[in-house]
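Take a look at the structure set out below.
The values are calculated or read from the model by the stated rules, or taken from the named source; none is laboratory data. As the structure is a computational prediction, the values presented were derived from the model and not from experiment. Counting neighbours? That spans all protein chains shown, and the Cβs are built from the backbone with ideal geometry, glycine included. Accessible surface is based on the protein model in full, side chains and every heavy atom, while ligands, DNA and RNA are left aside. Shrake-Rupley method; radii C 1.70, N 1.55, O 1.52, S 1.80 Å.
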Amino acid sequence: MTFTHPKAHALVRGHAMPTQNRDASVAAPVIHTAVPQGHGVVESRDFKIRARDVKVFYGDKQALFDVNLDIPAKSVTAFIGPSGCGKSTFLRCINRMNDTIPSARVLGSIEIDGADVNAKSVDPVVLRSRVGMVFQKPNPFPKTIFENVAYGPKIHGLATRKDELESIVESSLKKAGLWNEVADRLHQPGTGLSGGQQQRLVIARAIAVSPEVILMDEPCSALDPIATAKIEELIDELRSQFCIVIVTHSMAQAARVSQKTAFFHLGKLVESGPTEEMFTNPRDSRTQDYITGRFG
Ligand SMILES: Nc1ncnc2c1ncn2[C@@H]1O[C@H](COP(=O)(O)OP(=O)(O)OP(=O)(O)O)[C@@H](O)[C@H]1O
């Protein structure tokens, strides 16, 4: 396989790019394309992730049907749709988390900056450091706050000196909006934090390895409204630096945090587009029915 974009090599085993070279030096490719995205034709520019004809099977059961979607860089894209429609399945295709499910089979292509994430040469561990993931339930390691954030940079060799590591931990916690709350207790267990703080710790952990994409699977569903508001503010701040994809059951949340929305139904991507348009003028009656609460 030929990689046409220099950044593609970052996906390949043993070719993780130095952090400082990511994004800043290499602009995402601008590709003029007319692809079906649900209904209609969309011209995409400056997208980070490009999915074509993605199908996923669990054993014999098909969970996703021919999904075509472009996901923009430095922006928040929300996946919405009723329970079981395939949102999480599709999200897991982006960093190959479906590889960890023995019955799952993924067909079609997903490219990040033009590099196929399913290519044999791609090391899923390197891929997952570029494409971080935050789950529904906060899952800090049973380690200190410091070690939770320092772990990734250490194993990926991003810091060799103690002061470098401390600086990454501090800046990641600051970016995650948690520094002021934990600066004086960095060596206490991460599991001792509140649910909302734990979720921000997990986000700091993801940020610490300088990812380019952050996937969030219902990151606020276990949180109270105040903690939810903090995570939403954080997502809004982070979008200037990362490509963020969020699965949410809350249409209000999708409307608040995302610039692009994709609506899934029964394993199909029904439509996608600018969030405001999706919520004010959906093209498909199923989207209209879902966002007006007729089903879901
Ligand atoms: N590990 C698995 N093994 C078998 N089937 C699965 C597995 N994970 C998901 N599925 C099936 O795939 C379909 C899509 O599920 P998925 O979790 O992706 O939907 P979802 O839209 O994220 O749902 P929810 O909003 O309830 O989280 C469902 O029919 C589900 O039962």
- Message: If a residue counts only when it is free of Cβ contacts under 8 Å to residues at least 60 places away in the same chain, which strands (runs of 3 or more DSSP E) contained entirely in segment 50-143 have at least 3 such residues?
- Response: 104-112
- Message: Checking the condition assigned to a helix (DSSP H, G or I), without any contact (Cβ under 8 Å) to a residue 12 or more places away in the chain and not basic (K, R), which residue from A252, A227 passes?
- Response: A252
- Task: Please state which of the following conditions G157 fails to meet, knowing it meets all the rest: (1) more than 14 Å from the ligand (Cβ to nearest atom); (2) of a type outside the set (F, W, Y); (3) closer than 15 Å to I203 by Cβ; (4) not in a helix (DSSP H, G or I).
- Result: (3)
- Item | Within segment 243-257, considering residues that are away from the ligand (no atom under 16 Å from the Cβ) and open to solvent by less than 10 Å² (accessible area, probe 1.4 Å), the one nearest to F90 (Cα to Cα) | I244
- Task: Of the numbered conditions (1) open to solvent by 20 Å² or more (accessible area, probe 1.4 Å); (2) away from the ligand (no atom under 16 Å from the Cβ); (3) in contact (Cβ under 8 Å) with a residue 40 or more places away in the chain; (4) not in a helix (DSSP H, G or I), Y151 fails exactly one; give the number of that condition.
- Result: (4)
- Can you tell me which residue in segment 71-87 is surrounded by the fewest Cβ atoms within 10 Å (Cβ to Cβ), limited to those that are closer than 18 Å to V54 by Cα and near the ligand (Cβ under 6 Å from one of its atoms)? G84
- Item | Output for segment 258-287, where each listed residue is touching a Cys at 6+ places or on another chain (Cβ under 7 Å), assigned to a loop (DSSP other than H, G, I, E, B) and either open to solvent by less than 40 Å² (accessible area, probe 1.4 Å) or not aliphatic (A, V, I, L, M) (or both) | G267
